[in-house]
Structures are given as C-alpha cells and as structure tokens.
1. Dipole of the protein assembly as shown (Lys/Arg Cβ +1, Asp/Glu Cβ -1, origin at the Cα centre): which of B:Ala247, B:Met492, B:Met147 lies farthest to the positive side?
2. For the range B:170-177, what does the Karplus curve 6.51 cos²θ - 1.76 cosθ + 1.60, with θ = phi - 60°, yield as ³J(HN,Hα) per residue in whole Hz, taken in order and with x for Gly and Pro?
3. Can you give the alpha-carbon Rg of the range B:278-344 over 2.2 N^0.38 Å, where N counts its residues?
4. Please state, to two decimals, what the Cα-based radius of gyration of the range B:1-60 comes to when divided by 2.2 N^0.38 Å (N = residues).
5. Rounded to the nearest 10 degrees, what's the angle between the helix B:325-356 long axis and the longest principal axis of chain B, both from Cα atoms, 0 to 90?
6. Which lysines have a Cα lying under 28 Å from the Cα of B:Lys221, excluding residues fewer than 8 positions away in the same chain?
7. Taking the Cα centre of the range A:2-107 as origin, sum charge times position over the Cβ atoms of Lys and Arg (+1) and Asp and Glu (-1), and report the length of that vector in debye to the nearest 20.
8. For a bin width of 10 Å, list the pair-distance distribution of chain B built from all Cα-Cα distances, rounded to whole %.
Amino acid sequence: MEFLVASAIGMLTAAGIYLILRQRTFPVILGLSLLSYAVNVFIFASGRLAVNAPPILNKYADVPYSDPLPQALVLTAIVISFGMTALAVMIALGAYLTARTDKIDMTDEGDAA
Amino acid sequence: MSHLIVAPVVLPAILAPFIIMVIRHHLDLQRIFSVAGTVALVVLSIALAGQAAQGGAYVYELGNWPAPFGIVLVLDRLSATMVLLTTLLALAVVLYAIGTGWDARGRNFHALIHFQLMGIIGAFLTGDAFNLFVFFEVLLIASYGLMIHAGGAKRLRAGVQYVVYNLMGSSLFLFALATLYGVTGTLNMADIAQRVAELPMEDTALLRVGAVMLLLVFSIKAAVLPLHFWLPASYANAPLPVAALFAIMTKVGAYSILRMFTLAFGPDVAATQGLAGDWLLPAALLTLAVGAIGVLGSREIGRLVAFGSISSVGTLLIAISIFTPEATAAALYYTIHSTLASALLFLVADKIMERRGGAIIAQRPMHQTGLISALFFVGGIALAGMPPLSGFVGKLLILDAARDSDLVWTIWAVVLVSSLITIVGFARAGAILFWESHDAAHIREEEPETPTDEDEVISEEPPSPTSPLAYSAAFGLLAALVLLTVFSGQVMEFATQTAEAMYRPEIYIDAVMKRTPQ
C-alpha cells in the first residue's frame, strides 16, 4: 500500500509540475490543483498509513488507532487550497479579459521604456 | 496569562470584516477606522516591545491548550521588534494611500491592508510551524488582492504570475511541513527543536530534506536568488504604496529563516549543521550582485526600487547566513533599516510615477521636482548604504561581523562592489529623472501618445499638487531612518541582546514547553 500511495503522490506531483510549466493559465491552474491534491495525500500519509483504525483512543480495549493530527491538517490544507484556486481562477480570468492573452510569461511585452 | 500578545492579531481580524461588511460604502469612515486601527496596532506593539525588552519569551496559549497540543503565540525580542516595525510601516503606508487617494481607486483597500497586517503580525508571533503556514496564507491572500488593486491589464498579468508562484511556494511549504511532521511527530517549533536534538543521527536524512525544503520556501518569500524572479515584476506592477508595505513581506521570509534555523536547526544541532549557512551564503551573495546590477540596468522607476530591495535582501541574508550572534544582531539592525528605506523609496517612486510615468527618460520637469528629488536622493543614499544614514551603519556592522567567516574577502568584495554599483545606478536614474529634465537638449520630443496603464491611472485622477498627508508619511519614514541612525547605539544594544537570546534556544523552548504536564 505504501508503494501505491507513494507512486500516486509522485505521479500527481509530476503531472502538476508539467502542467504548471505549460505557461498558460488554464493548464497552470489545473497543475496547481493536482499539486495540491498530491500535497493533501502526502500530509495524510505523514501520520503513517493505517487501515481500519479510527483516529480516537479506545480506553476499553487495546485497538489500533491512527494519528488524528494529519487529518486535521489536511482539512485546513484542503480549505486553503480550494480558496486559493478559486482566487487564482478569478484573477486569471480578469487578466485574460483585460489583456486578451492567457500567457503567464510577461517577457514578450518587452520593457515599458 | 496576558491577552495582550494575541491582541495585534485579533484587532485587524475584527476590524477588516467590519470594514467590509458595515462601512463598505463610506470611504471616509473606512479611512478613519483604518487609521485608528493602525494607530492602535502601533500602540499595542509598543506595549509588547516594552514587555519583550525585559527579556525572556512570553507564551500565549490559544484556547488555553498547553503546548505542544495547542497552538502557541510566542513573544520575544525578535518577534516584538518585527511586529513594531510592521505596524509603523503600515501606519505610513495607510496615511500615504489616503493622502494620494490610492485607496479610492479600487475597492476594499483598507480591509485588505488589515487582513494583510493580521497575517504578517501572526507570522511573526506564532510558535507553531503549521500555524506559520496558515498566517502565510492569510498574508498572501490579502496581498493578492492588494497587488491587483486598481486593476489594469499589466498589473493583472503580473498578479497572475505572483499568485501562481506563491501557490507553488505554499505547496512546497506543505510538503516540507508534512516531512517534518513525519519525522518528528510534532509541529510546535519548540517541540520540533527538542525532538530534533534527540533524534539519532542515522534517522535524520528525511529531517534534512524537510529542513532544506523549508529553507527553499522561506527563500521564495525572501526573494533569494534563484527564487527571486517573482519580485521585480510583482513589486514594479503593484500599486507602489502597496509595494512599500510588501517591503516587510520579504522580511517575513528572512525572519522565518532566522527563527527556524536558530531554534530548531541551529548551528549546534549535529543533524543539520551547516545546512542553511553553506547554501544560503553563496545564494545571498549572488542575490546582492544581481540586485545591484538590476538597479543599474533598470529603465523603469518601479523596477529600480524593486531591484534595490532585492539587493537589500541579499545584504540581509549574508548577515543571517553567517549564523553568529554578532552577525545576527547586524542583520536585525539592517532589517529595520532596509524595510524603512525600501518603503520610503517606493513611496517616492509612486510620487514620480504619478507625475511623469514610470520610464527613466528625460522629460519636462515635473511639479514639485525639488522636494521629490531631495527625497529620492536621501532614499537612494539610505538604500545604497552611504555614510550619513543608517544604511551605512548597517553595512559596516555586517562587514565587521563577517570578519570571522571563511569567506570574509568574498563577502567584503561583493558587498562593497555592489554598493558602488547601486550608488551608480541610483545616481544615473536620479540624474536622468531630475537634472536632464531641466536641460532642453536632452528632452526627447513628446512621444506619440502610447496609452499605457499608468496614463490611464493619471487621467482618471489628476495628481493632487500638495497632499500634506502623503508627504508626512514619506517624511515620517525618513525621520525613522534618521532616528535609527542617531540611536544606533541603543538599537544595536537591543539587537545584540536579541541575537544572544536567539542562540540560546533553551530560553524559548523552556518558556513554551514548561507547562506541559510531565
């Protein structure tokens, strides 16, 4: 299972970085989302992978439990990345509508002088 | 437990939504509340600095959960200094924005400023690594809004770049935090420091990976080469008063490096020994060099100042990366100086851009050219580190502290040569902007009207000839620089105490961890 999760994170990250390097707003935003999914799974895995283990201690029986903190962290990270993506979409849309281009790179414009 | 420590985070957190929700349509009321809030923040941070000056570290447990289970805010001399610097800068920026009418060119300027202040102050005060991430996001999301304030095609495109770059930085931050959590099982900075010291040497490979990733994240924020590419375009295209406030944001990165790499991955920790210094020093030297060359090569006033602030970050990080108490004390002094000097120059650059656009070419003399050129002159002297002002004292302290380093000659050569290049760059820009304008032979004939974004902004709002409020903000920053020079002895004494305390992390760790039930 560790191998599966690790390679999934790797694939997501690689795909995300590839899309970000495309330098157009739509692929870049998709890439950033993929990157944030990879991060979320990675944070989740940082508390060690455990199957069928609730994140609470059981004081009546010695049953396995999983680390609750990464789950809380992931929740925060999901909320933040969701909000950030929405904001990035809005700003990118604004930039596209005013500048009529979705290129992220600005060097083609030359200097202002 | 005093609630004073959390007050500078709570106050803007309440004030900003209040401004958005209740007084959205009343610009005058917004201005009054914004100024009042900022003044209150200055008062609070002076009170906090007074408390911190007595020494030690003061801990505030949010929700009364003891560390390491709850989030803590920690006030020590370092964080108090940074908070005070932030609030003073914010006051100048808010007054300037009101005086020049920048806050009326888009919506929600004041609310965003206060959200940003909440993020910055929180990042300085927090004692929890994940909470640091959250405050980074708060300050970033507010800065995205401020960055594209007043709109315009070029500004929006620069905004997209800035947002994308910082979102990648945030992802990297989360990877770093998750790695650290995977190794140490905690995210409280003091607790991380304890666990790192106890880890057996053979288990520290992942820890070093996490530490380097953190260093990268903070370097993105601090705009260290080769991660500085976002800064010139973003700062030069942001509204310049906002760029003046952003002068503190690079310092948030520098502060975080200083905090994490003295507290948790300090010079005495075997696992990460030399990790930060060895990588950071060459990068900082290159940053300084690139900044200086950028100053010389800029053809636009915004970029000129942006590269000036990159070179000041380079100087600052040279001092940080030496990692000795003397060098850190010099770095603290230089932090205060370079923040104020960059902000002053951004405000002056805004005055110039308002009157004649951003390009550094000879044009007809502008209105109030004498006053503005004097301010530009003083600001350039301060940022380049010429004698009368605090930049000189700061650079001297850094050069002096570098004496014990192995690379002392390299450091001296790079710092001195790039100071020279910076001076030449500012002199060139100043000469073209202010002197050649009076010489008819140099003035190019009026170019055919090419409407740029700056022109649109100008035509919307005719430049107010004298806005005393705006000048008082700029002169306030200048006065702060002069005071910093005059009282450099006292400030250095404080900075030395701060730096010495930072290299004894047990003070911080004891203060945070002592209350845990054993």
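Here, each number is a calculation from the coordinates, and none is a lab measurement. Note that the coordinates shown come from a computational prediction; the quantities given were computed from them, not determined experimentally. Neighbour counts run over all protein chains shown; Cβ positions are idealised from the backbone, glycine included.
1. Farthest towards the positive end: B:Met147.
2. 5, 4, 5, 4, 5, 4, 5, 5
3. Details: Rg = 12.3 Å, N = 67, 2.2 N^0.38 = 10.9 Å.
For the range B:278-344, the normalised Cα radius of gyration is 1.13.
4. On the way: Rg = 14.2 Å, N = 60, 2.2 N^0.38 = 10.4 Å.
My calculation over the Cα atoms of the range B:1-60 gives 1.36.
5. Compared with the principal axis, the helix lies near 30 degrees.
6. Here the lysines satisfying the reach criterion relative to B:Lys221 are A:Lys103, B:Lys154, B:Lys251, B:Lys351, B:Lys395.
7. Values: 6 positive and 5 negative charges, 63 e Å.
Taking the Cα centre of the range A:2-107 as origin, the dipole is about 300 debye.
8. 4, 20, 31, 27, 13, 4, 1, 0, 0
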